[in-house]
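The values are calculated or read from the model by the stated rules, or taken from the named source; none is laboratory data. A quick note: this is a predicted structure, and the numbers were derived from the prediction, not measured. Backbone-built Cβ (ideal geometry, glycine too); neighbour counts: all protein chains shown. Side chains are part of the model used for accessible areas, which takes the heavy atoms of the whole protein and leaves out ligands, DNA and RNA. Shrake-Rupley method; radii C 1.70, N 1.55, O 1.52, S 1.80 Å.
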Amino acid sequence: MKVATAVIDTQALAHNFAVVKRFAPKAQVLAVLKANGYGHNQVEIAKALSQADAFAVARLNEALALRSAGITQPIVMLEGCFNADDLPVMAAQGVQAVFHSPAQLQMLQSVLMPKPITAWIKVDSGMHRLGLLPAEVADYHAALIATGKVADKVGLVSHFACADEKGHPLNQQQIDQFLPLASHWQGPVSMAASAAILSLPEAHFDWVRPGLMLYGGCPMAGAKASDYDLKPVMRLVSSLIAIKRQKTGEPVGYGATWRAEQDTLIGVVAIGYGDGYPRHARPGTPLFVGGRRVPLVGRVSMDMVTVDLGPDATDAIGDAVELWGPNVAVEEVAECASTIAYELLCNIAQRVRYEFT
Ligand SMILES: *Cc1c(COP(=O)(O)O)cnc(C)c1O
C-alpha cells in the first residue's frame, strides 16, 4: 500500500503555467520555487517548467541546489543576500540579487566580486515589509551603480499586501505609489505574484512572479482554484491501515476529544502531522476514500489520523485515501485548520515520498 506520498502531476503544472501565460501574455515568467517548490520538490518542478524564463527562491542554498541539479535559467533571490559573502557566490552562479536595504548596499560595497551581479531594487509601495520608499530609489540606484559591481539595467520590483482581496483600496494605492517610478524605469519591472496576475492586469509589467497558482492553489480569498481553471499539482495520498468497529459513545484518539454518536466504523489512515498534515485540522475536515468524502474524527497524531467511515462502510485495509488533491482542495483543508494552502504545501515533511507523473 502507498503510505504518505505526494503524487506530483506535471501535466497539471504545465496547464497552470499556460494559465499564467493566458492571464499575462506579454510578461516574462519568474516561476517561484522557494520552500522546495512549495513542497512539490523544487528540482523536479524546475525541470518540468523548462519554459519558465527564470526562477525565484528565497535562500542561497535553494539557489545552489538548483544549480547543482543542472538548472541553467537565471535565478532570483527574492530577499537578496543575507551576508556579504553570499554576493560573490551569487554572481559566480548567475543568481540575481534583490536589494532592499542600505545594509545590503554596504555588503556589496565591502566585498570583492568575481563579476558584476544582476540586481533588482525592491520598492516598498505600501506593504511596509521590505524595500525602499519610492523617494529613496534614485539615490540608492545611483549608489548601486557607483559600486561598479552591478550589471547595467537594474530591475525594479514591488509586492502587494492585499492582492488576494479584489477591490481592496491598498491595491490601487500601491499601484499609484509604484507607477511613477516604474513607467520611466530603464530596466525590467515586476510587481505581480499569483493574486495580482489573476486580478490586477495593470500590475503585470515586464515580469510576473507566480508561485501558488503554478501549483494549482487558489491565491484569491473566497474563491476556488477551478474558478481560474487552475488544477492541483499535488495529490497527497496515504492508505487505510486499520478499520475498527466503534460503539456509540466511545472516544477515539488522544485526549478522547471525539465520541461516536452511533455505532460506526473508524478508519485509521497512515498520515499525521509528522508528514505535514496539519494537527489543527478540526473534526469534520474532509478526506477522500472509496469515491466519497468522509470526516476526520479525533485528534491528528504524528503518524496517523482517524476518519468516520460510517456504519455501512465497505472499505478495506490498504484502500487509498486522498488528503488533498483533485477531490479535496488543499484550500478546504487549510480552512479547516485555520491556515492557508501555502503553509500546508510547504510543510510537507522530509519523510513523505514523492512520485512524479
Ligand atoms: C513568494 C513570493 C511570490 C510568489 O507568491 P504567490 O502568491 O505564491 O504567487 C512572489 N513574489 C515574492 C516577492 C514572493 O516572496
Notebook entry, point to check: Got at least one residue in the range 104-113 being within 16 Å of the ligand (Cβ to nearest atom) and assigned to a helix (DSSP H, G or I)?
Noted result: yes
Notebook entry, point to check: So which pairs qualify, if the first residue must be in the range 205-224 and touching a residue at least 12 places away in the same chain (Cβ under 8 Å), the second must be more than 12 Å from the ligand (Cβ to nearest atom) and of a type in the set (Lys, Arg), the Cβ gap must be under 8 Å, and the two must be at least 6 apart or on different chains?
Noted result: Gly216/Lys231; Cys218/Lys224; Met220/Lys166
Next item on the list: Scan the range 299-357 residue by residue and report those that are surrounded by fewer than 18 Cβ atoms within 10 Å (Cβ to Cβ) and among the polar types (S, T, N, Q).
Entry: Ser301, Thr314, Asn327, Ser338, Thr339, Asn347, Gln350, Thr357
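Name the single residue, out of those in the range 272-298 being among the aromatic types (Phe, Trp, Tyr) and open to solvent by 40 Å² or more (accessible area, probe 1.4 Å), that is farthest from Ser239 (Cα to Cα).
Only one residue tops the list, namely Tyr273.
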Next item on the list: Search the range 1-23 for residues that are free of Cβ contacts under 8 Å to residues at least 24 places away in the same chain and pair each with any residue that is of a type outside the set (D, E, K, R) and open to solvent by less than 60 Å² (accessible area, probe 1.4 Å) when their beta-carbon atoms are under 8 Å apart and the residues are at least 6 apart or on different chains.
Entry: Lys21/Val29
Next item on the list: Test Pro251 against the stated conditions and say whether it is within 16 Å of the ligand (Cβ to nearest atom), touching a residue at least 40 places away in the same chain (Cβ under 8 Å) and either more than 22 Å from Leu344 (Cα to Cα) or charged (D, E, K, R) (or both).
Entry: no
Item checked: Filter pass, Gln93 being open to solvent by 30 Å² or more (accessible area, probe 1.4 Å), at pLDDT 95 or above and more than 15 Å from the ligand (Cβ to nearest atom) -> yes
Margin query: Please return the ranges of strands (runs of 3 or more DSSP E) entirely within the range 1-81 where 3 or more residues are within 16 Å of the ligand (Cβ to nearest atom) and touching a helix residue (DSSP H, G or I) at 6+ places or on another chain (Cβ under 8 Å).
Written below: 28-32, 54-57
Margin query: I'd like to verify a number: residues in the range 191-227 that are open to solvent by 30 Å² or more (accessible area, probe 1.4 Å), of a type outside the set (Gly, Ala, Ser) and closer than 15 Å to Gly167 by Cα, how many?
Written below: 2
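Can you list the strands (runs of 3 or more DSSP E) lying wholly within the range 130-230 that have 2 or more residues being away from the ligand (no atom under 15 Å from the Cβ)?
Because the criterion is at least 2 residues that are away from the ligand (no atom under 15 Å from the Cβ), no strands (runs of 3 or more DSSP E) in the range 130-230 meet it.
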